[in-house]
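Everything below concerns the one structure shown next.
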Amino acid sequence: MEISGAEIVTRCLKEEGVEFVFGYPGGAVLEIYDAIHKQDFFKHVLVRHEQAAVHAADAYSRSSNKVGVALLTSGPGATNGITGIATAYMDSIPLIVISGQVGTPMIGSDAFQEVDMVGCSRPIVKHNFLVKDVRDLAATFKKAFHIATTGRPGPVVIDIPKDVTIHKTSFDYPKSVSIRSYNPPVKGHPGQIKKAAQLLADAKRPFVYVGGGAVIGNAGAEVTELVKLLNIPCTNTLMGLGALDGTDPNFVGMLGMHGTYEANLAMQYCDVLIAVGARFDDRVISVPNQFLSQAKKIVHIDIDPSSIAKRVKVDVPIVGDVKSVVGDLVNLLKESGQRPNEKALAGWWEQINEWRKPNSLLYTQDTEIIKPQYVVQKLWEVTDGQAIVTSDVGQHQMFAAQYYKFRRPRQWINSGGLGTMGFGLPAAMGAQMANPYAQVACITGEASIQMNIQELSTCKQYHIPVKIVNLNNRYLGMVRQWQEFFYGNRYSESYMDALPDFVKLAEAYGHIGMKIEKPSDVEPALREAFSEKLKDRLVFLDFITDQKANVFPMVQNGKGLNQMDLPEHMRGMQQVPFENNRDYGNLC
Amino acid sequence: MRHILSILIENEAGALSRVTGLFSARGYNIDSLTVQTTEDPTMSRMTIVTHGSDDIIEQITKQLNKLVEVVKVIDLNEADHIERELMLIKVRATGKERDEMKRMADIFRGRIIDVTEKSYTVELTGPGEKLDAFIKALDPATILETVRTGASGIGRGERILKI
């Protein structure tokens, strides 16, 4: 039996086990929407802006390890999705974005709502397809899902001209797929893994640095086993948070531009570094030369060869799936019994514990003004550290990363690579769809939330009971912080004037709004929002917070990890090992 | 340093733009690029001449390999190789210049493939330097038009780029 291209699209999605499609209809995809109307394989979620469709699909994927699917119409629908696609690309999220296209005879004629989506999205997709013949449609979907989910994952765009959705052919979904030019590696080279084990055994100051690859690659358990087996300190990047439990004693906090004192110094002064699914990016190690000014041996485990030796030369590159490679490394260490020198390791821990002592995340509590850090801490307590937390971009994102101690992978969802404001709310929707019984909180700011505020309407339609924690400081906080530090307090365009009344706004969309202005009201408000009584409601918590709060520690651009700007109580503190002549070696 | 990369790539619409897009997006240089299908019509062979430090060339190679349509990439500089480029050059050939031009083409083993009363079109193949040398040897005023293909390269001996 022959069916239309549009029906084939729905059948392909069914074959791939898709539960939700986030989208927005328009001329070029009307056939597909008609086919959606006639099926019950999956649910369609109607967003209010295409960017939100892609973010929601992205977070659906991040929070569930399934593939997110977004459906956009041609032209403006497709270009509205671009920011979402770039966001997913930078963070390596498996995503299928289906865009409508004008009919094949019209392509290139500047037709109504025509845009070259394959061209527009080319630099920000893992791969993309323009399907010109309905007979290629099913095979293209199979390939697209395969490419999106294997190797280093990423978004794949399928651009489908309208006539292709109308044309008919028989449907036969391929069972398997083989692409001769695409064979991502899985197993790491055993010889290299042996070398890594030997380096660890010879290490005096070993350190594990875990990135988003460990979360996406489901290597949390393996990383934890490695860290526990050898009892070595471990840091997670912004994207890696949750890979090792944030409350684990071996966890020294996040590292990088706003990393903890102990994580950044351990990164700087370790002698053997195991990098797992991390890419030494500028917000993490700052300047490579500074980072490498203390000699260290580096093992870099990553599925993407191009991530290796991109910013930092490494001693033992291991290309492979991080779960498999770290698993093999753990097994090898178990068999061989190789362990770092006990005495040296004890000295290293002593050093790290000294670095921990001053508590670089300490802030001054206030009885009058709500500190943003305090809200995040209380959120952690109220949700037992179990909520799925999404964020937008800016100071609140860093506070969320620093103060919400993520317990497990896929619990923390943020736009790390691209830094997309407006990500948080649609991401919370996607995460809640994937995890209907989880508590989902969106930590945001009054500026970011307004970049996709229209999704409050989507949340109403689909009864999505996320809790919005708005850290409202009436500033583009991170912009303001940089202007304070680097631009002589000239707050150019960083003040958010004419803010809406968020309580009324939430209510206008049919939700519950709360305005919290006193520190003593923070916890009660959170408890109420997360209470059983409101578990089915979206609650918008508008916390009026300190306008002058800054994120510390901070590694300024161009500085080394041991040249942090420290919080007030640590100003002037030396950023070196406390004693240079410990018996585990001269560090400086 | 100058490198010459050989790429086997699926002969599909848009594949070339993925390669050139990669170079421009990441700030790499393309000095020349040639491409044509191979004996297998589903596969194209591309030769890119580029320059950069060893680190950059390593990144270029890795990034090229990441493109889904790229089957294989080799850096021909890693071993002995041959490269050839084709040039068609139209020169003024009048009066006593006419004989001189013919001699020059012979010296460089060029072939005159089109003749008018006033001009010759010379076909010349060889490594890029040879073509450069030919141009240099001519009086610039006599050159009417030049077309160069950019280099194509192949490994010497047993070194073969094939799937």
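The values are calculated or read from the model by the stated rules, or taken from the named source; none is laboratory data. Because the structure is a prediction, the values reported are computed rather than measured. Because the Cβ atoms are built from the backbone with ideal geometry, glycine has one as well, and the counts that use them run over all protein chains shown.
Annotations
- Test result for B:M87, surrounded by 15 or more Cβ atoms within 10 Å (Cβ to Cβ), touching a strand residue (DSSP E or B) at 6+ places or on another chain (Cβ under 8 Å) and either within 14 Å of another protein chain (Cβ to nearest Cβ) or over 16 Å from B:M46 (Cβ atoms) (or both): yes
- Count of the stretch A:309-325 residues, restricted to those that are closer than 23 Å to A:E225 by Cβ and either in contact with a Cys (Cβ under 6 Å, 6 or more places away or on another chain) or within 14 Å of chain B (Cβ to nearest Cβ) (or both), is 3.
- Scan of the stretch A:495-519 for residues that are farther than 18 Å from A:E455 by Cβ and free of Cβ contacts under 8 Å to residues at least 40 places away in the same chain, ordered by number: A:Y495, A:D497, A:A498, A:D501, A:M514, A:K515
- The stretch A:530-548 - residue that is in contact (Cβ under 8 Å) with a residue 40 or more places away in the chain and among the acidic types (D, E) and, of those, nearest to A:P465 (Cα to Cα): A:D536
- Here is the figure for the stretch B:42-55: residues that are surrounded by fewer than 18 Cβ atoms within 10 Å (Cβ to Cβ) and within 14 Å of another protein chain (Cβ to nearest Cβ) total 5.
- Pair list, Cβ under 8 Å, 6 or more apart: the stretch A:352-376 residue in contact (Cβ under 8 Å) with a residue 60 or more places away in the chain, other residue of a type in the set (K, R): A:Y363/A:K371; A:T364/A:K371; A:Q365/A:K371; A:E368/A:K518; A:I370/A:K518
- The strands (runs of 3 or more DSSP E) falling completely within the stretch A:147-265 that include 2 or more residues that are of a type in the set (S, T, Y) and touching a residue at least 40 places away in the same chain (Cβ under 8 Å) map to A:168-170.
- Enumeration of residues in the stretch B:1-41 that are within 10 Å of chain A (Cβ to nearest Cβ) and not in a loop (DSSP other than H, G, I, E, B): B:L8, B:I9, B:E10, B:A15, B:S17, B:R18, B:G21, B:L22, B:S24, B:A25
- Per-region count, the stretch A:477-526, residues of a type in the set (K, R) and touching a Lys or Arg at 6+ places or on another chain (Cβ under 9 Å): 1
- Helices (runs of 4 or more DSSP H) lying entirely in the stretch A:1-120 (those with 3 or more residues that are touching a Phe, Trp or Tyr at 6+ places or on another chain (Cβ under 6 Å)): A:5-15, A:50-64
- Members of the stretch A:125-146 found to be of a type in the set (D, E, K, R), facing chain B (nearest Cβ under 10 Å) and not in a helix (DSSP H, G or I), listed by number: A:K126, A:K132
- Taking the stretch B:1-19 as the range and being without any contact (Cβ under 8 Å) to a residue 40 or more places away in the chain and surrounded by fewer than 14 Cβ atoms within 10 Å (Cβ to Cβ) as the test, the residues that pass are B:A13, B:S17.
- Only one of A:T420, A:T444, A:T458 that is within 18 Å of A:W380 (Cα to Cα), polar (S, T, N, Q) and either modelled with pLDDT of 95 or more or not in a loop (DSSP other than H, G, I, E, B) (or both): A:T444
- Consider the stretch A:165-194 and keep the residues that are surrounded by fewer than 16 Cβ atoms within 10 Å (Cβ to Cβ) and basic (K, R). The one that is farthest from the other protein chains (Cβ to nearest Cβ) is A:K168.
- If the condition is being modelled with pLDDT of 95 or more, surrounded by fewer than 18 Cβ atoms within 10 Å (Cβ to Cβ) and touching a strand residue (DSSP E or B) at 6+ places or on another chain (Cβ under 7 Å), then the stretch A:492-503 contributes only A:V503.
- Some residue of the stretch B:113-126 being surrounded by fewer than 13 Cβ atoms within 10 Å (Cβ to Cβ) and in contact (Cβ under 8 Å) with a residue 40 or more places away in the chain: no
- Count of residues meeting criterion [in contact (Cβ under 8 Å) with a residue 12 or more places away in the chain, away from every other protein chain (no Cβ under 14 Å) and within 16 Å of A:D163 (Cβ to Cβ)] in the stretch A:107-124: 3
- In summary, strands (runs of 3 or more DSSP E) completely within the stretch B:78-136 and bearing 2 or more residues that are of a type in the set (V, I, T), touching a Ser or Thr at 6+ places or on another chain (Cβ under 9 Å) and outside the structural domain of B:E58 (by TED's automatic domain parsing) occur at B:81-92, B:111-115.
- Complete set of residues in the stretch B:56-71 that are at the interface with chain A (Cβ under 8 Å from one of its Cβ atoms), farther than 18 Å from B:K162 by Cβ and assigned to a helix (DSSP H, G or I): B:E58, B:Q59, B:K62, B:Q63, B:K66
- Residues satisfying the stated conditions in the stretch A:87-112, i.e. within 17 Å of the chain's Cα centre (by Cα) and closer than 21 Å to A:L46 by Cα: A:T87, A:A88, A:P94, A:L95
- Among the residues of the stretch A:266-317, those identified as small (G, A, S), surrounded by 22 or more Cβ atoms within 10 Å (Cβ to Cβ) and part of a helix (DSSP H, G or I) are A:A266, A:S307.
- Matching residues, the stretch B:1-14, being out of contact with any His (no Cβ under 9 Å at 6 or more places or on another chain) and either modelled with pLDDT of 95 or more or under 14 Å from B:I60 (Cα atoms) (or both): B:L5, B:I7, B:L8, B:I9, B:E10, B:N11
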